[in-house]
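See below for the structure under consideration.
The values are calculated or read from the model by the stated rules, or taken from the named source; none is laboratory data. Note that the structure is predicted; figures quoted are calculated from it, not measured. Don't worry about glycine lacking a Cβ; one is built from the backbone with ideal geometry, like all the others, and counts go over all protein chains shown.
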Amino acid sequence: MPDISVTLGPKGLTLTSPDGEFYLNYCWLRDACSSCIDPQTRERIFDVASLEQLPTAKEAWVDGNFLYVDWAAEDLISKISFSQLNGAEATDPAALPKNLWYGDFLPRIKQFRQSDVLSDDAARAELCRALIEDGISIVTEMDNDDDSLPRLVNAIGPITPSAEGLFFDVQVEIDPTNLAFTAGPLEMHTDLPGEETAPGVQFLHCMANSVEGGLSLFLDGAAAAETLRAEDPDAFDILSTYDIPFFYRHNNWDYRAHQRVIELDTAGRVTGVTISQHLQDNFDLPQHVLDYYYPAFIKFLKLLQEDRFLIRFKSQAGNCVIFDNHRIVHGREGYVADSGKRHMRGCYTDRGALRSTYRVLARKLASQNQSV
Ligand SMILES: [Fe+2]
């Protein structure tokens, strides 16, 4: 550890080393004290608002890999490790960059056998990583029983219910509640944007598929959105600025929510897209905004039909496609209903659960000197 000097200021302290200066706010340092965290629950047990005044240091010094702070108004010396100070402990293994993909991606979709995902931590971690990076993966050789899908989902996260319940069956129904439950084509969409928070990760287990037609369609909505940004920045801006209404309405439910077609994070990066014309409500934006919104919206819809983004394949019985419902846009070609049987069983988990599972597995595998 190089020589590090500490200079106290009114609101924080500065560490000075040959590498430069590093400022740390006192409130942050007080909250970083190891005594703030309960060792059993690992939850925070210190309330910074309980202090009568903002904390200031009486003295602070560096010894080995730790910064020590003696607080002015408390009988407490905090010991804070440098790995915590430099953010190493806060590094998120699940904060993986997106691998944007295009119409040639089909042969590179990562595939995993269900038995491997269920029995091997490394395979399960690789599947989670593929879902975070690529947004899509295929699990093959699924067991053909009623518990097969929940066994797979629960290896990643708890099942998130929707209006349809824990599971939904995509097959022709006599009295369908959704166009998915007909033999007709299904335009490129993300699922259930009428819900306040649309489901995060979708599973579609193909139980049977012997019909003529009915090819599954997928594209990377983040790649399409980035392409729109490059080709028509004004259209990109308007779709990432205004929210539009969606619904999901039938006899026993009436969901309504506003969503942004292109979703950005605080750094302006595309985090996902929301699109579903069959669940789209009448736009309630001011009419003069619609003069600009509709052309941008139509441009993006047309982009989502272009071969440069689309992959098409016939879902095989025994496979389960898993994809990020906030990023991967999916659809289906129509099929001849009486030419055979087509049955997909679906359900959801959320993206937070996926990332949590990946973090736990990454930590476990790292402790065994395995990387993912
Ligand atoms: Fe869908």
* Going through segment 162-181 one residue at a time, which ones are in contact (Cβ under 8 Å) with a residue 12 or more places away in the chain and either away from the ligand (no atom under 12 Å from the Cβ) or of a type in the set (Ser, Thr, Tyr) (or both)? -> Ser162, Ala163, Leu166, Phe167, Asp169, Gln171, Val172, Thr177
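Residues checked against (1) in contact (Cβ under 8 Å) with a residue 24 or more places away in the chain; (2) more than 30 Å from Ile238 (Cβ to Cβ); (3) more than 16 Å from the ligand (Cβ to nearest atom):
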| site | (1), (2), (3) |
| --- | --- |
| Asp307 | yes, no, yes |
| Gly318 | yes, yes, yes |
| Phe323 | yes, no, no |
| Asp338 | no, yes, yes |
| Lys341 | yes, yes, yes |
| Ala353 | yes, yes, yes |
| Ser356 | yes, yes, yes |
| Leu361 | yes, yes, yes |
| Gln368 | no, yes, yes |
* Could you list, in sequence order, the residues of segment 319-361 that are out of contact with any strand residue (DSSP E or B) (no Cβ under 9 Å at 6 or more places or on another chain), modelled with pLDDT of 95 or more and among the small types (Gly, Ala, Ser)? -> Gly352, Ser356
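Yes/no matrix, rows are residues, columns are (1) loosely packed, with under 13 Cβ neighbours inside 10 Å; (2) in a strand (DSSP E or B):
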| residue | (1), (2) |
| --- | --- |
| Leu15 | no, yes |
| Leu24 | no, yes |
| Cys27 | no, no |
| Arg30 | no, no |
| Gln53 | yes, no |
| Leu67 | no, yes |
| Ile80 | no, yes |
* Asked: Can Ala208 be described as away from the ligand (no atom under 16 Å from the Cβ), closer than 19 Å to Ser315 by Cα and either modelled with pLDDT of 95 or more or outside any helix (DSSP H, G or I) (or both)?
  -> yes
